[in-house]
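The values are calculated or read from the model by the stated rules, or taken from the named source; none is laboratory data. These figures come from a predicted structure and were not determined experimentally. Because the Cβ atoms are built from the backbone with ideal geometry, glycine has one as well, and the counts that use them run over all protein chains shown.
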Amino acid sequence: MKQKAKILAIESSCDETAAAVVEDGRKVLSNVISSQIEIHTVYGGVVPEIASRKHLEAIDGVIEKALTDSGCTWEDIDAIAVTQGPGLVGALLVGVSEAKSLAYALHKPLIGVHHIEGHIAANYISDPDWEPPFLCLVISGGHTYLCIVEDYGAYRMLGETRDDAAGEAFDKVARAIGLGYPGGPKLQKAALAGDPEAFHFPRPCLDEPGYDFSFSGLKSAVLNTLNHLKMMGEKVHQADIAASFQAAVTDVLVGKTMQAAQDYGIRRIAMAGGVSANTAIRKAMQEACDVKGYVLSVPAISLCTDNAAMIGSAAYDSYVKGIFAGPALNAEPDLPMRRL
């Protein structure tokens, strides 16, 4: 991968309107994000129709700022990249339509990018020397994967969630204990003041063979505990529930990752996705890797949540290989990852 390129990338898969200019898949020249969190907090979660409208309102300004911040002109841009899926279909359509229009008007190559592959590629930005092969734990709001990144764009899937993703479970438990939206960051903050051993919640799949995950039963155990406490007239300690739940999720994620690393003889591990911003999970994974002598890569927290820089990084491999999309590129809310 020696070919030089500046890629303007667009991300609009959920509730963040983002654009970035990335050079050679590693160097971020600009990374602009317009967040809708304050708007959706009122509703307790992302409202797809509102998200799509807000993307329409913000996208032109976000792209213009990303180009200005990068110090580039349109003549300097070698390709346009955009998140094709998975995500909310209406939100994705805004970004895809914008990218197709720019590519057509400016006569630039167009690259469709898988959102999760973008999360994985965030590691290449945080550590420019990081490269395949490595084992990667992907933990986001809608996905939990454990895969071997054999090469750029080549993934061997080892395990995935059977039901709720880790991030989804965080959001649902946060809502149940009255923390509201966005659940992940608020639950993490509450857990700081709690006792992780106050409640012993189950560690689903941890003692089972294979590398799949399941967080629905853990979520149900928390809800049952809350109902029991209320029926008995006992006080619900948010912090203790949060800390105990977070500890259970952490044990499962770290345990499965360490088992896969041992089974496949892999000593280089990466994390990706919004939940990888959780400081307790990052700390536990680093400690486990230190014990085993493994090398761990985790993106900067600002690159864990949805952003366009990671999309620009993931697009670079396609650019070098000459894999471009045509005018038929469309939003695919259930876009599968490329698997070996």
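Counting the residues of the stretch 138-193 that are under 17 Å from residue 218 (Cα atoms), among the aliphatic types (A, V, I, L, M) and outside any loop (DSSP other than H, G, I, E, B) gives 8. The residues on offer are 204, 196, 209, and the sole one that is in a loop (DSSP other than H, G, I, E, B) and modelled with pLDDT of 95 or more is 196.
Across the stretch 220-244, what is the number of residues that are in a loop (DSSP other than H, G, I, E, B) and either touching a His at 6+ places or on another chain (Cβ under 9 Å) or crowded, with 19+ Cβ neighbours inside 10 Å (or both)? Quick ask: steps written out before the conclusion?
First pass over the stretch 220-244, keeping only residues in a loop (DSSP other than H, G, I, E, B): 232-237.
Within this subset, residues satisfying the condition of being either touching a His at 6+ places or on another chain (Cβ under 9 Å) or crowded, with 19+ Cβ neighbours inside 10 Å (or both) are 234.
Total satisfying the criteria: 1.
Checking each residue in the stretch 280-328 for being acidic (Asp, Glu) and within 25 Å of residue 189 (Cβ to Cβ) picks out 287, 306.
Would you call residue 204 assigned by TED's automatic domain parsing to the domain that holds residue 239 and either surrounded by fewer than 18 Cβ atoms within 10 Å (Cβ to Cβ) or among the charged types (D, E, K, R) (or both)? Working first, answer last.
On the way: assigned by TED's automatic domain parsing to the domain that holds residue 239: yes; either surrounded by fewer than 18 Cβ atoms within 10 Å (Cβ to Cβ) or among the charged types (D, E, K, R) (or both): no.
Judged against the criteria, residue 204 is not a match.
Scanning the stretch 242-261 for residues that are more than 19 Å from the chain's Cα centre (by Cα) and polar (S, T, N, Q) yields a count of 2.
Go through 58, 51, 91, 79 for me and flag whichever is more than 21 Å from the chain's Cα centre (by Cα) and within 12 Å of residue 16 (Cα to Cα). First the steps, then the outcome.
Numbers: 51 fails: more than 21 Å from the chain's Cα centre (by Cα); 91 fails: more than 21 Å from the chain's Cα centre (by Cα); 79 fails: within 12 Å of residue 16 (Cα to Cα).
Being more than 21 Å from the chain's Cα centre (by Cα) and within 12 Å of residue 16 (Cα to Cα) holds for just one of 58, 51, 91, 79, which is 58.
For the residues 42, 62, 32, 22, the requirement of being farther than 18 Å from residue 314 by Cβ, among the β-branched types (Val, Ile, Thr), out of contact with any Phe, Trp or Tyr (no Cβ under 6 Å at 6 or more places or on another chain) and buried (at least 19 other Cβ atoms within 10 Å of the Cβ) singles out 62.
Just the residues that are among the small types (Gly, Ala, Ser) and under 18 Å from the mean Cα position of the chain (by Cα), please, taken from the stretch 307-330. Of everything in the stretch 307-330, those that are among the small types (Gly, Ala, Ser) and under 18 Å from the mean Cα position of the chain (by Cα) turn out to be 308, 309, 312, 313, 314, 315.
Matching residues to (1) β-branched (Val, Ile, Thr); (2) within 16 Å of the chain's Cα centre (by Cα); (3) not assigned by TED's automatic domain parsing to the domain that holds residue 80:
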{"position": "117", "(1), (2), (3)": "no, yes, no"}
{"position": "142", "(1), (2), (3)": "no, yes, yes"}
{"position": "194", "(1), (2), (3)": "no, no, yes"}
{"position": "199", "(1), (2), (3)": "no, no, yes"}
{"position": "208", "(1), (2), (3)": "no, no, yes"}
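Just name the residue that is surrounded by the most Cβ atoms within 10 Å (Cβ to Cβ) out of those in the stretch 245-270 that are in contact with a helix residue (DSSP H, G or I) (Cβ under 8 Å, 6 or more places away or on another chain) and of a type in the set (S, T, N, Q). Out of the qualifying residues, it is 257. Scanning the stretch 295-323 for residues that are assigned to a loop (DSSP other than H, G, I, E, B) and surrounded by 16 or more Cβ atoms within 10 Å (Cβ to Cβ) returns 298, 299, 305, 306, 307, 308.
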